[in-house]
Structure formats: structure tokens, C-alpha cells
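Here is the structure we will look at.
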Amino acid sequence: MDDLEAGNYHFAWKMMVLGDIGVGKTTLLRHHVQDDEAIDVSVEAERGYCADFVMKSYERDGRKHVIHWWDIPGSDRGDPGTVTRLCAGAAGGILVFDHDVPESFQQLGTWLKAARKGCIGGVHGHGTWALVGNSIGVEAAGEDVVSQADAQKFAEDNGMRYFEGTDSSLSFFHDAAFEVLSNIAELIPQPPEPSLLFRQGIAVGGLLASDVNVRQQLFGAPVGL
Ligand SMILES: Nc1nc2c(ncn2[C@@H]2O[C@H](COP(=O)(O)OP(=O)(O)OP(=O)(O)O)[C@@H](O)[C@H]2O)c(=O)[nH]1
Ligand SMILES: [Mg+2]
């Protein structure tokens, strides 16, 4: 994306998408970035073997945020140190499981523990998170599915909100993304003092740096303009 290279944004930060193999992370993220309303299940997502990332801009309160979404392959769960390193400096992310695959729910704690070590900012300094329960309908195991109550409890216990997919509509993933991004945006101090932003994992872009009002708030007078 040219906007990032050109500094054409107010704030930028890094977000993670984590969860077990095949729970739909790459599929959900790709559709989210394209603003799709539904999941096109005829398109097979490429199985991830190494971390990938995509970018998307969001407008909020007249400010432009550029988000780097890091898509981590489920196979990395076996190597928590790598997960921690991949999450370095991220402001948070979205944990994904498939509610038809109980193991993908049981492993959320492993993902979160490794991720929080790398993330920064948020209320406790370990990032800001949301939980997504996807249903890809492939490995549905009859009655042996994760209940909404259990998922909600995990989310509450870990200070995040739970979003569940019920059909092929993608609104639940969009909602999860907007919720977690709004929560992070609310942590941006006013005025946006750079060392406080740094602690939240938030970088300043050219649109903010050249804003005369912001410069006045930070430096007392417009400097260098
Ligand atoms: N029907 C349906 N299929 C889905 C959905 N999400 C993903 N899939 C399919 O499930 C398979 C796995 O999805 P991926 O998006 O590759 O899963 P992933 O979590 O990125 O997997 P790894 O990268 O291996 O960790 C793909 O064939 C997708 O097309 C969904 O919501 N509905
Ligand atoms: Mg993937």
C-alpha cells in the first residue's frame, strides 16, 4: 500500500490474527481487507506456512489509521517462542477458533499466552484482543461443539469480547476488527504525545506530524512549518 510508504496516515499499528490450523484466519482476513460482506467458500485459501501480512486503512473521528494485519499460520502453535517474536510490538489482535473443532478452542490459552508476551499497550500492557468463533462447517463433530457460553466465558476471563459467525456473512469478523481497533484508538492520548504512543505500539504518520493544531498542542507553537 502506497499510503504507508508515503506516510499518508495519522496513526499506524500492528495487529495479529492467531488460531489453530484451518480455522479460517486467512479466509476471514482476506475478505475483511476487501470489505466483502460474505465469505466466498469456493475460493480455497492458501495454507499458511509462514507469517504473512496485509494492510488496511480505516477512518475514525476524521483520522486515518493504517493497520498491518499479521496472519500467523496455525502450525506455529507448536513453537510459542516464534509466536512471541512474531507478535513483537503488536498492539493486539484477534484470536480465531472453529466452534466445531473443540481442540481449536482448548488451544486458545496457549496462543494468547505466547502472543501477550510479545504484544504491548492495552490496559495491562499485553495488547488488546477480541475472540472470534468461526464455523467452516467442514469438520463439524455433531454434538461435540464449543458452546457459546464457554466461548463467552473464555473471552470475559481474558478481558475481551466474543464474536460468533452464524452463516456465511462476514459481519462478525468486521465487528470484531472494528471493536478491537476502536478500543485501541481510544487509548491514543490527547494530545498524541509520541512516547505515550510508543508504549501503545502506535506509530505516527505524516498526516498527524504535519497537523498544525497537533504541533501546537505538543510543542506550544507551530515548529518548522
Ligand atoms: N464454509 C466455510 N469455509 C471456510 C470458512 N473459512 C475458511 N474456510 C475454508 O477452510 C479452509 C481453511 O481456511 P484458512 O483460511 O486457510 O484457515 P487458516 O486458519 O488460515 O489455516 P492455516 O493458515 O493453515 O493456519 C479453506 O479451504 C477455506 O476455504 C468459512 O467461514 N466457511
Ligand atoms: Mg492461513
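Among the residues of region 156-174, the one identified as modelled with pLDDT under 95 and either among the aliphatic types (A, V, I, L, M) or under 16 Å from Gly92 (Cα atoms) (or both) is Leu170. If the condition is being of a type in the set (D, E, K, R) and surrounded by 14 or more Cβ atoms within 10 Å (Cβ to Cβ), then region 86-113 contributes Asp98, Asp100.
Looking only at region 160-168, decide whether some residue is away from ligand 1 (no atom under 16 Å from the Cβ), buried (at least 17 other Cβ atoms within 10 Å of the Cβ) and either more than 19 Å from the chain's Cα centre (by Cα) or not in a loop (DSSP other than H, G, I, E, B) (or both). The answer is yes; a qualifying residue exists. Summed over region 61-73, residues that are in a loop (DSSP other than H, G, I, E, B) and either away from ligand 2 (no atom under 12 Å from the Cβ) or exposed (fewer than 14 other Cβ atoms within 10 Å of the Cβ) (or both) total 2.
The rows are residues; the columns are (1) within 13 Å of ligand 1 (Cβ to nearest atom); (2) in a helix (DSSP H, G or I); (3) out of contact with any helix residue (DSSP H, G or I) (no Cβ under 9 Å at 6 or more places or on another chain); (4) without any contact (Cβ under 8 Å) to a residue 60 or more places away in the chain.
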position	(1), (2), (3), (4)
Glu59	no, no, yes, yes
Ser75	yes, yes, yes, yes
Arg85	no, yes, no, yes
Gly109	no, yes, no, yes
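If I ask for residues that are under 12 Å from Asp52 (Cα atoms) and either within 11 Å of ligand 2 (Cβ to nearest atom) or modelled with pLDDT under 95 (or both), which ones from region 13-37 would you list? Hits for region 13-37 are Val17, Leu18, Lys25, Thr26, Leu29, Arg30. Given the condition in contact with a Phe, Trp or Tyr (Cβ under 6 Å, 6 or more places away or on another chain), in a loop (DSSP other than H, G, I, E, B) and among the hydrophobic types (A, V, I, L, M, F, W, C), answer yes or no: does some residue in region 176-197 qualify? The answer is no, given that none of the residues of region 176-197 is in contact with a Phe, Trp or Tyr (Cβ under 6 Å, 6 or more places away or on another chain), in a loop (DSSP other than H, G, I, E, B) and among the hydrophobic types (A, V, I, L, M, F, W, C). Beta carbons closer than 7 Å, at least 6 apart along the sequence or on distinct chains, pair a first residue in region 16-45 that is farther than 27 Å from Gly121 by Cβ with a second that is among the aliphatic types (A, V, I, L, M) and within 9 Å of ligand 2 (Cβ to nearest atom) for Thr27/Ala45.
The values are calculated or read from the model by the stated rules, or taken from the named source; none is laboratory data. Computed from a prediction, not measured in an experiment: that's the story for all the values here. Because the Cβ atoms are built from the backbone with ideal geometry, glycine has one as well, and the counts that use them run over all protein chains shown.
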